[in-house]
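Take a look at the structure below.
The values are calculated or read from the model by the stated rules, or taken from the named source; none is laboratory data. Quantities reported herein were computed from a predicted structural model and do not represent experimental measurements. Here the Cβ positions follow ideal geometry from the backbone for every residue, glycine too, while neighbour counts run over all protein chains shown. For accessibility, only protein heavy atoms count, side chains too; no ligands or nucleic acids. Shrake-Rupley method; radii C 1.70, N 1.55, O 1.52, S 1.80 Å.
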Amino acid sequence: MALPSFREMIGTFGRIGLISFGGPAGQIALMHEEIVEKRKWVDEEQYLRALNLCHLLPGPEAQQLATWIGWRLHGLRGGLVAGLLFVMPGALVILGLSILYAYAANFGWFAALFLGIKAAVLAIVAQALIRIGKRALNSRFKVALAVASFIALFFLNLPFPLVVLGSGALGMAAAAYRPQWLRLKPPIESPAPAPRGALVRRSLYTILGWLLVWAAPMLLILAALGPGHVLWTIGAFFSQLAVVTFGGAYAVLAYMAQEAVQSHHWLTAGEMADGLGMAETTPGPLIMVTQFVGFLAAFRAPAPFSPLTAGIIGAVLTTWVTFAPCFLWIFALAPWMERLEHARKLQGGLAALTAAVVGVIANLTVWFALHVLFGLVRESAWGPLRLYSPDWSTLDWRAALLGVGAAILLFRFRIGIMPLLCIAALAGLALSAV
């Protein structure tokens with residue numbers, strides 16, 4: 001199998017980064033076609049083993065897979081270039097759209113445009129819930145985990161990391177004592193695991209180096225602005241998020257949205273849905289919506305910078321602390337791939353976590369629906385329960401009508417995400433003119 005030149009690899013991943021629409025499934029399929037089928041730079045078994053590894057890790061699996069392919073072809077520099085090219089086109093587009101959004105959000109036409117986009121996002125998230133549920137919930141134990149995670153988040157308001165880590169721990173225990181509850185697939189045939197030897201030392205150096213890279217901007221902010229500045233809060237929040245983003249972007253969106261809206265008050269629920277709509281229409285990982293949140297948070301509390309400068313710093317910082325850990329995981333763990341493939345407890349933890357993600361996305365779906373469709377949603381406590389009660393007099397009939405129409409187009413006519421968002425945006429403009 002002939003390896004490509006470094007320049008050839010750059011050209012290929014530059015193209016992939018520009019056309020990687022369609023979420024992780026589409027992006028993984030695109031890389032399989034370009035790297036495995038057309039160019040044969042990586043064989044099928046290697047690609048699947050790497051994909052399994054990326055599913056085990058927190059963060060966007062498609063970006064991490066691109067990083068692994070680059071590492072496999074050209075070592076550290078290959079992994080850096082492939083991973084960055086997968087992210088940068090979408091990051092630049094999201095930054096431009098965030099700036100436009102911040103300055104144009106008060107215009108009537110702009111709000112009308114995003115009314116349709118928010119309604120379409122409801123249908124898109126519901127589709128993700130159904131798609132992931134069909135794939136992940138293949139046993140009663142997994143269904144119970146999904147229901148429990150929804151109740152824990154929506155009604156009990158338990159911390160998202162606790163739900164995620166608790167589900168993983170239950171899965172590891174089930175893999176050891178009741179593996180039939182999880183219906184784990186047999187591992188892909190692979191060579192015997194490589195001896196440890198120098199791998200331990202190499203991995204430790206890699207982890208230490210990337211922890212310093214990850215922490216570098218936070219140390220600068222701490223020294224220059226102190227721990228009370230919004231940039232420190234942004235960096236700390238999204239650094240924590242990077243460690244618990246198992247199960248894909250949709251899994252973490254509920255936690256991020258509710259924390260950003262309700263705890264930090266960086267943006268509204270409607271603006272959060274607008275940001276998700278932006279991320280759906282741009283190339284790269286859907287988790288790039290975090291950059292939109294970071295931009296608005298810093299833009300609205302800019303001192304001592306101008307709003308635009310603060311927003312750009314917030315966006316860059318968010319992207320840095322979101323994706324630096326992805327490089328850490330890949331460069332530290334890729335040499336251990338064969339050993340991880342045979343770690344059945346780890347696989348069990350992942351299977352349980354994926355089941356819990358269905359409940360997490362259900363929480364996101366209901367939460368978004370309430371805040372997009374109603375102008376006022378009251379929150380109350382009844383013992384340990386947290387309850388939401390919408391004010392029905394504030395129902396936005398336009399958003400409801402657009403949401404139903406988007407669901408019909410998506411589920412009945414199977415229209416693509418990009419055409420759906422364009423049609424919904426134009427419909428939002430038309431309805432707002434009525």
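Some points to look at:
- Amide H partners (placed H, <5 Å) of TRP41, local residues excluded: none
- Here the 3J(HN,Hα) profile of segment 268-281, calculated from phi with Karplus coefficients 6.51, -1.76 and 1.60 at θ = phi - 60°, is 8, 4, x, 5, 4, 5, 4, x, 5, x, 4, 5, 5, 9 Hz, Gly and Pro shown as x.
- Looking at the chain, the pairs of alpha carbons with a distance over 41 Å make up 15% of the total.
- Size of electric dipole in the chain: Cβ of Lys, Arg +1 and of Asp, Glu -1, about Cα centre, debye, nearest 20: 900
- Carbon/sulfur fraction of accessible area - the chain, other protein chains in place, 1.4 Å, %: 69
- A P(r) calculated from all alpha carbon pairs of segment 56-101, with 5 Å bins opening at zero, reads 6, 24, 20, 19, 15, 9, 5, 2 percent.
- Cα-based shape type of segment 348-434, given that a ≥ b ≥ c are square roots of the gyration tensor eigenvalues and the cut on a/c is 1.5: oblate
- Proximity of backbone amide H atoms, modeled 1.01 Å from N, is registered between LEU395 and GLY375 at under 5 Å, excluding neighbours fewer than 5 places apart on the same chain.
- Computed helical MRE - 222 nm, the chain, DSSP H runs ≥ 4 contributing -39500 (n - 2.57), nearest 500: -23500 deg cm²/dmol
- Computed 3J(HN,Hα) for segment 79-93, one whole-Hz value per residue from the Karplus formula 6.51 cos²θ - 1.76 cosθ + 1.60 where θ = phi - 60°, is x, 4, 5, 5, x, 5, 5, 5, 9, 4, x, x, 4, 5, 5, glycine and proline marked x.
- Prolate/oblate/rounded call for segment 382-425, Cα gyration tensor, a/c under 1.5 rounded: prolate
- Under 5 Å, built H, 5+ apart or other chain: amide partners of ARG386: LEU156, ASN157
- Pairwise centroid distance, computed over Cα atoms, of segment 140-155 with segment 397-430, Å: 30
- On Cα atoms only, tilt of 397-407 relative to the major axis of the chain in degrees: 30
- Cα long-axis angle, helix 344-373 against the chain (0 to 90 degrees, to the nearest 10): 10
- The lysines whose alpha-carbon is closer than 29 Å to the alpha-carbon of LYS142, local same-chain residues fewer than 8 away aside, are LYS134, LYS185, LYS345.
- GNM result for the chain, Cα springs below 10 Å: residue of ILE361, ILE313, ILE94 fluctuating most strongly: ILE313
- Average accessible area per residue (Å²) across the chain - probe 1.4 Å, nucleic acids and ligands excluded: 44
- Result for the chain in a Gaussian network model with C-alpha springs under 10 Å: among ALA82, ALA381, ALA215, the largest mean-square fluctuation is at ALA381.
- Hz values of 3J(HN,Hα) by residue in segment 306-317 - Karplus curve (6.51, -1.76, 1.60), Gly and Pro given as x: 6, x, 5, 4, 4, x, 5, 4, x, 5, 5, 4
- Within a Gaussian network of the chain (alpha carbon springs, distance under 10 Å), most fluctuating of GLN262, GLN64, GLN347: GLN262
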